[in-house]
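Scroll down for the structure; my scribbles are underneath it.
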Amino acid sequence: MVAPDSLRVVFFGTPEFAVPTLEALLKSPYDVVAVVTQPDRPRGRGHKTTASPVKATAVAAGRPVLQPGSVKDEAFLYEMSRLAPDLGVVAAYGQILTNAALVIPRLGMINVHASILPAYRGAAPVHRAVINGDAETGVTIMRVVKALDAGPMLAVARRPIDVFETSEDVERDLATIGAALLMSTIPGLAAGAVVERPQDNSAATYAPRLTKEDGLIDWAWPAERIHNLIRGLHPWPHAVSFLGSQRLILHRSRPTAEPVSGRPGAVIEALGDRLLVATGLGGLDILEIQPEGKRPMSIREFLSGHPVGPFVNFSASP
């Protein structure tokens with residue numbers, strides 16, 4: 001039996017969320033024998049081909065990096081077997097692992113998943129929780145199985161969601177929480193002392209990958225629902241609306257308790273620091289806005305360069 005402190009670990013991850021977990025493993029007594037991440041792809045506004053945050057971290061630490069186009073690739077599976085890992089650790093890798101890969105590590109593979117399972121299985125658990133206005137989320141350490149995020153749970157940590165937090169705020173914190181939870185779970189797993197609890201599949205919900213279409217605001221929704229969409233889709237793909245023919249990204253908002261009178265999307269007040277819009281239920285104060293192709297602006301700055309007159313409406317299309 002391998003001593004827990006000398007475990008050979010292969011890490012699978014790609015985005016910024018996975019970096020704290022990789023960094024924790026690199027600082028631990030465990031031997032990170034390889035880092036598996038998605039192939040370099042065009043990123044950002046300029047679509048320049050760049051390495052993922054996980055690859056950059058691994059290269060800086062001098063660890064071998066594997067970037068298979070598919071985890072079914074025979075050369076990749078051969079290299080995994082040659083590395084003889086004791087444990088695989090997954091955090092937002094971006095590909096579904098096959099049984100051929102799952103059976104290679106002696107202790108199997110475990111995943112740092114950013115929800116309290118069985119809620120929000122899938123690619124966008126943090127964003128969907130914020131969009132739905134959940135008051136709480138968390139991280140689950142689960143065993144990876146062939147079915148999507150359906151494996152037994154080894155550990156759970158919970159965290160409240162503030163009504164003004166964005167997905168970016170929540171995900172950044174969960175990344176740190178998840179790294180710490182993983183490190184406290186591995187010793188028990190290696191010693192055979194962890195209790196694995198099956199998920200209640202009948203209670204499972206799903207968090208599908210986000211698309212730009214998710215960001216279109218329907219002003220007939222209640223103000224609170226629109227507010228949750230705005231913060232849930234930050235930093236991508238953003239909640240968007242049109243003011244006349246101008247496409248606008250809405251970055252920050254606040255539902256107002258005061259009654260408003262106007263059809264959904266109507267601008268009720270546009271003066272100084274205030275841009276108040278009627279919704280299907282209540283009013284929504286827009287706090288930060290971004291005209292397409294420009295930087296985010298305060299409302300005072302926006303209104304000084306983009307006067308909004310009476311009888312103007314926000315809408316889902318130009």
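The values are calculated or read from the model by the stated rules, or taken from the named source; none is laboratory data. The shown structure was predicted, so the numbers you read here are calculated from the model rather than taken from an experiment. Here the Cβ positions follow ideal geometry from the backbone for every residue, glycine too, while neighbour counts run over all protein chains shown. Ligands, DNA and RNA are excluded from the accessible area calculation, which covers all protein heavy atoms including side chains. Shrake-Rupley method; radii C 1.70, N 1.55, O 1.52, S 1.80 Å.
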Item to complete: Identify all residues within segment 256-270 that are free of Cβ contacts under 8 Å to residues at least 40 places away in the same chain and in contact with a strand residue (DSSP E or B) (Cβ under 6 Å, 6 or more places away or on another chain); write none if there are none.
Response: T256, V260, G262, I268, E269
Worksheet, complete the sentence: Checked segment 157-171 for anything within 21 Å of M142 (Cβ to Cβ) and open to solvent by 40 Å² or more (accessible area, probe 1.4 Å); matches are R158, E171
Worksheet item: Which numbered condition trips up V54, out of (1) surrounded by 13 or more Cβ atoms within 10 Å (Cβ to Cβ); (2) assigned to a loop (DSSP other than H, G, I, E, B)?
Response: (2)
Fill in: Residue in segment 178-200 that is surrounded by 13 or more Cβ atoms within 10 Å (Cβ to Cβ), in contact (Cβ under 8 Å) with a residue 60 or more places away in the chain and not in a helix (DSSP H, G or I) present
yes
Item to complete: For segment 106-113, indicate whether the set of residues that are closer than 25 Å to E171 by Cα and part of a loop (DSSP other than H, G, I, E, B) is non-empty.
Response: no
Fill in: Of residues in segment 58-105 being of a type in the set (V, I, T) and not in a loop (DSSP other than H, G, I, E, B), the one nearest to the chain's Cα centre (by Cα)
V90
Item to complete: Go through (1) open to solvent by 30 Å² or more (accessible area, probe 1.4 Å); (2) touching a strand residue (DSSP E or B) at 6+ places or on another chain (Cβ under 9 Å) one by one and return the number of the condition D218 breaks.
Response: (2)
Worksheet item: With (1) touching a helix residue (DSSP H, G or I) at 6+ places or on another chain (Cβ under 7 Å); (2) over 24 Å from K212 (Cα atoms); (3) open to solvent by 40 Å² or more (accessible area, probe 1.4 Å); (4) not aromatic (F, W, Y) as the list, and G272 as the residue in question, which single condition is left unmet?
Response: (3)
Worksheet entry | Residue in segment 248-265 that is farthest from D218 (Cα to Cα), counting only those that are among the hydrophobic types (A, V, I, L, M, F, W, C) and modelled with pLDDT under 95 | A257
Worksheet item: Looking at this structure, is E79 among the acidic types (D, E), surrounded by fewer than 16 Cβ atoms within 10 Å (Cβ to Cβ) and either on the phi < 0 side of the Ramachandran plot or in contact (Cβ under 8 Å) with a residue 60 or more places away in the chain (or both)?
Response: no
